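Read through the structure below, which is laid out as structure tokens, and then see the notes.
Just so it is clear, none of the values below were taken in a lab; they were calculated from the coordinates. Since we're looking at a predicted model, the values are computed, not measured. Cβ atoms come from the backbone with ideal geometry, glycine included; neighbour counts cover every protein chain shown.
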Amino acid sequence: MQSAKTLQGIEAEIKHWKEVREATILAHNYQIPEVQDIADYIGDSLELARYASKIKAKVIVLCGVKFMAETAAILNPDKTVLIPDLGAGCSLCDTINVEQLRDWKKKHPNAVVVSYVNTTAEVKAESDYCCTSSNLLKVIEAIPKEKEILFLPDMFLGAYAEAKLGRKMHIWTGECHVHAGIRLQDIEAVRRRHPNAKLLIHPECGCVSQCLYLCASEGYNGMAVLSTSGMLREAKLSQAKEFIIATEVGLLHRLAKESPDKTFIPVKEDAVCKYMKMITLDKVLASLKNMVYVVKVDDDVARRARVAIERMLQIS
Ligand code: SF4
């Protein structure tokens, strides 16, 4: 946390350099509060991709992780896309590379490949569809029932889609270390302390299938499986006053800001994505001043990846 004076000074400098560069700052919902507060637009992966596809600015500063900056670069070949820290990766994205996907496709030559947006540009280029947690079910429903599906890389998200749609898929065994670490016992412990709170759970969580089972079998009331943007909407619209939040804790800042009359309890205080937290205000400022770090995607990879990304944007 920066001191108030320093914070104001840095914010003013960022504003100045943003004008000089004709830049737009996009931030993911898991970014630190200070970064969210200086962003022109905050959203989940799908919203950032959609917003990036319509941007007029010359420069996009993507405050998130690298695959998000790649997606913005693919959708904006004529703009400069910057990420303030090149080390901002994603443990889920790292669970599959393009060679592994090609080998998997060879074993299932007629399958349709559905990739969660948390993948490299190369993996997207080998995919038929991209999806996010916001439109996952709609994307799978858009594929003819008789078609075999390879779903990657998140196994919990895949299992959730199978359970919701009653459709078997081949699922890659990747996971996000942050969401996989949210266990049923963590949720049960918080529910005991807050029995009237509504549970909002992200489908990447390791316990989402168990929660769905409990929901169906034991009347596990007041639960919704939602993307981060879905959680923000639900918090505003719901009659409930108290919510248990099962996702990365960065979302709590926006939830509290947009629904100040409600209470939000994180399932795990330490559900923190170290990659998302690599982006700081100092780095955003340095990024604008020095035009670093430029994220570029090879033209051929970008052309092929764009097909899968555009299908994702159409189905939402
Ligand atoms: S929270 Fe998980 S899926 Fe999201 S960027 Fe971090 S490691 Fe990747």
Original post:
So which pairs qualify, if the first residue must be in segment 144-160 and among the polar types (S, T, N, Q), the second must be crowded, with 24+ Cβ neighbours inside 10 Å and assigned to a strand (DSSP E or B), the Cβ gap must be under 9 Å, and the two must be at least 6 apart or on different chains?
Top reply: none
**OP:** Working only within segment 61-89, note down all residues that are out of contact with any Leu (no Cβ under 8 Å at 6 or more places or on another chain), under 21 Å from residue 304 (Cβ atoms) and of a type in the set (Gly, Ala, Ser).
**Re:** 73
Subject >> Considering residues of segment 169-216 that are hydrophobic (A, V, I, L, M, F, W, C) and more than 24 Å from residue 135 (Cβ to Cβ) only, the residue surrounded by the most Cβ atoms within 10 Å (Cβ to Cβ) >> reply: 187
Original post:
Counting just the residues of segment 63-90 that are within 14 Å of the ligand (Cβ to nearest atom) and surrounded by fewer than 18 Cβ atoms within 10 Å (Cβ to Cβ), which one comes out farthest from the chain's Cα centre (by Cα)?
Top reply: 87
Subject >> Criterion: surrounded by 18 or more Cβ atoms within 10 Å (Cβ to Cβ) and either over 30 Å from residue 125 (Cβ atoms) or more than 16 Å from the ligand (Cβ to nearest atom) (or both) - qualifying residue of 38, 42 >> reply: 38
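Filter the strands (runs of 3 or more DSSP E) completely within segment 220-316 down to those with at least 1 residues that are under 15 Å from the mean Cα position of the chain (by Cα), touching a residue at least 24 places away in the same chain (Cβ under 8 Å) and crowded, with 17+ Cβ neighbours inside 10 Å. Spell out the reasoning first.
Numbers: elements: 223-225, 242-246, 263-266.
It comes to 223-225, 242-246.
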Original post:
residue 231 fails exactly one of the following numbered conditions: (1) hydrophobic (A, V, I, L, M, F, W, C); (2) farther than 19 Å from residue 164 by Cα; (3) in contact with a Leu (Cβ under 6 Å, 6 or more places away or on another chain). What is the number of that condition?
Top reply: (2)
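Quick grid of which residues meet (1) without any contact (Cβ under 8 Å) to a residue 40 or more places away in the chain; (2) under 30 Å from residue 289 (Cβ atoms); (3) more than 16 Å from the ligand (Cβ to nearest atom):
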{"residue": "55", "(1), (2), (3)": "yes, yes, yes"}
{"residue": "61", "(1), (2), (3)": "no, yes, yes"}
{"residue": "110", "(1), (2), (3)": "yes, no, yes"}
{"residue": "115", "(1), (2), (3)": "no, no, no"}
Original post:
Consider residue 105 against the criteria (1) crowded, with 20+ Cβ neighbours inside 10 Å; (2) over 16 Å from the mean Cα position of the chain (by Cα); (3) not in a loop (DSSP other than H, G, I, E, B): it satisfies all of them except one. Which criterion is unmet?
Top reply: (1)
